[in-house]
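Engineer: Quick one: structure below, then a few questions.
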Amino acid sequence: MICRMNDLSSLYAIPVTPGVCRDEGALATNCNAGWTLPARLRYSARPQSQGHTAVNRALIAAIPLLAAAWCTTAQAHAILIDSTPAPLAHVPAGHLAVSFRYNSRIDAARSKLVLMHAETSTRVAQHGGGNNDTLQAPLDLTPGEYVIKWQVLATDGHITRGRVPFTVDAAP
């Protein structure tokens, strides 16, 4: 009986008579199956050296930490999560306290709000709210269609921009 294993360049199997075991030195013999393998293809039950095991464990332990760090970095941009007025809202004419809240800390001094009405635009004098994640500004508005363009600088250094369109209705 001959069992062959192809290693791209040569055959490593050596014929063995089933039931007859031989000591081939560098060969491992399976007497019942009838095949023999060279020592370099034999499975070793010896444990890996402790150096490799420690490195493997460290790499496996680092994967979740790297994934968590990547997710935290990806979420650091300032994203608008709440605004007054809400997008596409209808508000009454007169005084309106505009407020924009973001999902992360922002630099209010380097951020801006621009009020656009018809074909004009005006930079709004805004200030940071009580928290480091809010921009606020007082406005006096007449009826019409408006858009507030906002641009904020997050504390991670990334700039985010957006628009909030809304309508001011005549007071009843």
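Engineer: Filter segment 133-147 for residues that are closer than 19 Å to HIS77 by Cβ and in a strand (DSSP E or B) and give the result.
Structural biologist: THR134, LEU135
Engineer: Any residue that is at pLDDT below 90 and among the charged types (D, E, K, R) - is there at least one of those in segment 143-164?
Structural biologist: yes
Engineer: Next up: What is the one condition in (1) exposed (fewer than 14 other Cβ atoms within 10 Å of the Cβ); (2) touching an Asp or Glu at 6+ places or on another chain (Cβ under 9 Å); (3) not in a loop (DSSP other than H, G, I, E, B) that VAL152 does not satisfy?
Structural biologist: It is condition (1) that VAL152 fails.
Engineer: Hey, could you check segment 116-149 for residues that are under 14 Å from VAL98 (Cβ atoms) and among the β-branched types (Val, Ile, Thr) and say which is surrounded by the most Cβ atoms within 10 Å (Cβ to Cβ)?
Structural biologist: ILE148
Engineer: So, one more: Restricting the search to segment 113-132, which residues are part of a loop (DSSP other than H, G, I, E, B) and of a type outside the set (S, T, N, Q)?
Structural biologist: Once the filter is applied, which keeps residues that are part of a loop (DSSP other than H, G, I, E, B) and of a type outside the set (S, T, N, Q), segment 113-132 yields ALA118, GLU119, ALA125, GLY129, GLY130.
The values are calculated or read from the model by the stated rules, or taken from the named source; none is laboratory data. These numbers were taken from a predicted model, which means no experiment stands behind them. Note that each Cβ is placed from the backbone with ideal geometry, even for glycine, and that neighbours are counted across all protein chains shown.
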